[in-house]
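Undergrad: Handing you a structure now.
The values are calculated or read from the model by the stated rules, or taken from the named source; none is laboratory data. Every value quoted in this text rests on a predicted model; they were computed, and no experiment measured them. Because the Cβ atoms are built from the backbone with ideal geometry, glycine has one as well, and the counts that use them run over all protein chains shown.
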Amino acid sequence: MVSCFIALGALSLGLWVERQRPGYLLLAGVMLGAAANTKNEGLVAAAIALSVAASWIVIDHNGLALRWWLAALGIVLAAALQWRIWLMAHGVRNQASTSLGDALDAHFLTGRLDRVRLAAEAILAQVADQASWVWLVSAFLVICCVCIAAGPGRRVATFYLATIAADGVRARMGVVDRAARDRLLPGNVGEAHGHRDGLRRRRRTRAAERHPRSRAMGGHRQAAARRLLTM
């Protein structure tokens, strides 16, 4: 679901970059706000897409577009903050995700620059996997490159390429980060998996114990029903 919200938000921003109609910005704010309110990845993707779109406002020095962009940003923040406020009010924390303070820390980012290369390699591997994408990604990249080289559609093609590249690196770095944590904490991961398997075994045992009783109770009910019918 969050991928649909992100895709619709990015498409609306691309239409705004191409046609400069404020309504597309507001629609993008609604879609990206829904993505930000759904998952942490949606919040980061919304920030990336809005940041890339803002670069065209800076290039064009368009004050009116800036006001509409701020309105879209306000929609995203309003959608995301209500969930964040609820989490803070109930003391719920996501231990599996990096906090915003750490994610923006310069030392934290520079210490993980090696993951950019791994993320880029993973993205290229996905692009080369035509069995999964049926040449859709390759066709999209070719069309974007042609638009950039030929002139028409250069702005929107550049926007899509920059947004997808930035969000793809972010997503693959997240996968690498989780894989690194699993390698660093094999005992904790194995313990969690063992606990999960133990719960499943106990549930199956309880279900097997209840099954004969339920069949016996069902037989008693059927016998009582037959007695009532013969009376």
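Undergrad: So which of ALA65, ALA106, ALA34, ALA28 is farther than 27 Å from PRO152 by Cα, touching a residue at least 12 places away in the same chain (Cβ under 8 Å) and of a type in the set (A, V, I, L, M)? Let's see the steps before the verdict.
TA: Details: ALA65 fails: farther than 27 Å from PRO152 by Cα; ALA106 fails: touching a residue at least 12 places away in the same chain (Cβ under 8 Å); ALA28 fails: farther than 27 Å from PRO152 by Cα.
Only one candidate passes the filter, namely ALA34.
Undergrad: Would you check which residues across the range 85-101 are in a helix (DSSP H, G or I) and modelled with pLDDT under 80 and list them? Break it down stepwise before answering.
TA: Step one: of the range 85-101, the residues in a helix (DSSP H, G or I) are 85-89, 100-101.
Those that are in a helix (DSSP H, G or I) and modelled with pLDDT under 80: LEU87, LEU100, GLY101.
Undergrad: Continuing with this model, one more query. For the range 40-68, enumerate the residues that are outside any helix (DSSP H, G or I) and touching a helix residue (DSSP H, G or I) at 6+ places or on another chain (Cβ under 9 Å).
TA: Just the residues of the range 40-68 that are outside any helix (DSSP H, G or I), to begin with: 61-62.
Of everything in the range 40-68, just one residue is outside any helix (DSSP H, G or I) and touching a helix residue (DSSP H, G or I) at 6+ places or on another chain (Cβ under 9 Å), namely ASN62.
Undergrad: Tally the residues that are part of a helix (DSSP H, G or I) and surrounded by fewer than 21 Cβ atoms within 10 Å (Cβ to Cβ), restricting the search to the range 25-39.
TA: Our first condition is that a residue be part of a helix (DSSP H, G or I); within the range 25-39, this holds for 25-38.
Restricting the remaining residues to those that are surrounded by fewer than 21 Cβ atoms within 10 Å (Cβ to Cβ) gives 26-27, 30, 37-38.
Going through the range 25-39 one residue at a time, the tally reaches 5.
Yes/no per residue for (1) at pLDDT 75 or above; (2) part of a loop (DSSP other than H, G, I, E, B); (3) among the basic types (Lys, Arg); (4) touching a Leu at 6+ places or on another chain (Cβ under 8 Å):
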residue	(1), (2), (3), (4)
ARG115	yes, no, yes, no
ALA119	no, no, no, no
GLN126	no, no, no, no
CYS144	yes, no, no, yes
ALA149	yes, no, no, no
ALA162	yes, no, no, no
GLY168	no, no, no, no
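Undergrad: Only one residue in GLY29, GLY14 is within 18 Å of ALA165 (Cα to Cα) and either at pLDDT 90 or above or over 12 Å from the mean Cα position of the chain (by Cα) (or both). Which one?
TA: Numbers: GLY29 fails: within 18 Å of ALA165 (Cα to Cα).
That would be GLY14, the only listed residue that is within 18 Å of ALA165 (Cα to Cα) and either at pLDDT 90 or above or over 12 Å from the mean Cα position of the chain (by Cα) (or both).
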